[in-house]
Amino acid sequence: MLRLALYQPDIPQNTGTMLRMAACLGLTVEIIEPAGFDVSDRHLRRSGLDYLDHVPITRHRSWDAFEAWRHSENIRLVLATTAGALPYTQFGFRDGDCVLMGRESAGVPESVHAAADARVFVPMRPGMRSLNVAVSAAMIVGEALRQSG
């Protein structure tokens, strides 16, 4: 099963949108804390509506806790980043991959870049900074699902 990981998300509406997408597409979600907002069920329900009942969510108290879990499960980490090495459409996704999305405000630190098994990006027109994180997640996850069936 494909996984979507959110690194210290800081906008609840984007997180809710990605949780709703994950519920509809059959993904599991890993939330790596600390988040920039209260990640309680009450706050997520405001933006995720009733879809939260249909998505398995695991909260990891830190990056280190997430990494320990990921390595124990032998899960490949694919980081979505504007500093990616390969367009997401040219990457070979596999069932079981974990697609990691960074913070809306700051992406991820260099240590997270270094820990990723692969780094992919969404090609954009020159001069454009970035897409909304939920839009990027939908594009990348859609391609990963297409490839992995």
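With respect to (1) over 14 Å from Val141 (Cα atoms); (2) of a type in the set (Val, Ile, Thr); (3) assigned to a strand (DSSP E or B), the lone exception for Val39 is condition (3). Among the residues of the stretch 97-124, those that are under 21 Å from Pro9 (Cβ atoms), in a loop (DSSP other than H, G, I, E, B) and at pLDDT 95 or above comprise Asp97, Gly102, Val108, Pro109, Ala116, Val122.
Residues considered: Arg20, Arg94, Arg59. Of these, the only one that is assigned to a strand (DSSP E or B), in contact (Cβ under 8 Å) with a residue 12 or more places away in the chain and either surrounded by 18 or more Cβ atoms within 10 Å (Cβ to Cβ) or on the phi < 0 side of the Ramachandran plot (or both) is Arg59.
Within the stretch 133-149, residues that are part of a helix (DSSP H, G or I) and among the charged types (D, E, K, R) have Cβ atoms under 7 Å from residues that are surrounded by fewer than 21 Cβ atoms within 10 Å (Cβ to Cβ) and at pLDDT 95 or above in these pairs: Glu143/Thr89, counting only partners at least 6 apart in sequence or on another chain.
So, in the stretch 1-17, exactly how many residues are part of a helix (DSSP H, G or I) and β-branched (Val, Ile, Thr)?
2
Looking only at the stretch 71-91, which residues are surrounded by fewer than 20 Cβ atoms within 10 Å (Cβ to Cβ), without any contact (Cβ under 8 Å) to a residue 60 or more places away in the chain, aliphatic (A, V, I, L, M) and within 20 Å of Gln8 (Cβ to Cβ)? Answer for the stretch 71-91, where residues must be surrounded by fewer than 20 Cβ atoms within 10 Å (Cβ to Cβ), without any contact (Cβ under 8 Å) to a residue 60 or more places away in the chain, aliphatic (A, V, I, L, M) and within 20 Å of Gln8 (Cβ to Cβ): just Ala83.
The values are calculated or read from the model by the stated rules, or taken from the named source; none is laboratory data. If you're wondering where the values come from, they're calculated on a predicted model, not measured in any experiment. Glycine also receives a Cβ, built like all others from the backbone with ideal geometry; neighbour counts cover every protein chain displayed.
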